[in-house]
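Laboratory data are not the source of any read-out in this text; all were calculated from the coordinates shown. Note that this is a predicted model, so its numbers are computed, not measured. Cβ sites come from the backbone with ideal geometry, for glycine too, and all protein chains shown count toward neighbours.
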Amino acid sequence: MPSWPEATQESSELRGIELVLRKFEQCEFRAEDFHHRDHLAVMVCYLEQMPLRQALAHIREALLRFTAHHNRKGYNETITRFWIAKVAQMLAILPGGLPLETLADRVCEALGNKELLFDYYTRELVMSEQAKKVWHEPDLKPL
């Protein structure tokens, strides 16, 4: 299934995941147009380019910049770390050498339901002010 954007006239050299990544990093997405699967795709890009700790730092910085650009205060450290851990787990079991778009598709197929978070966390914990600021281990089942 072709799931990532094709090259556009203004960005003919970029397509697919690279286009999603660039649009996110440069705050070209409208906030309401940057969806869960886009978050996952960006995490796949970062995790394929760098170690987990560095990828987490990049996604954190980029999300904070993106939310500030859109005058939103939606960043949640616990949610971000949960999803990057799940993406890293998924990438670890996929065969090596797959194209980036294929990796992102497989990750999105497996983790595309954002409600999966609530299999691991109560809403009360994960939406708390404390969880927005610092990492909290899941309170329903371990990662």
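Name the residue, out of 132, 86, 73, whose mean-square fluctuation peaks in a Gaussian network model built on the chain with Cα pairs under 10 Å.
Among 132, 86, 73, the largest GNM mean-square fluctuation belongs to 73.
Fewest Cβ neighbours within 10 Å first, please rank 135, 83 accordingly.
So the residues, fewest neighbours to most, are 135, 83.
Treat the count of other C-beta atoms within 10 Å as a stand-in for reagent exposure and order 123, 106 from fewest to most.
Fewest to most other Cβ atoms nearby, the residues stand as 123, 106.
Can you tell which of 66, 118, 24 shows the greatest fluctuation in a Gaussian network model of the chain with Cα springs below 10 Å?
Comparing 66, 118, 24 in the GNM, the peak value goes to 118.
What angle, in degrees between 0 and 90 and rounded to the nearest 10, separates the Cα long axis of helix 100-111 from the longest principal axis of the Cα atoms of the chain?
With both axes taken from Cα atoms, the answer is about 30 degrees.
Comparing 17, 84, 93, which has the greatest mean-square fluctuation in the GNM of the chain with Cα pairs linked when under 10 Å apart?
93
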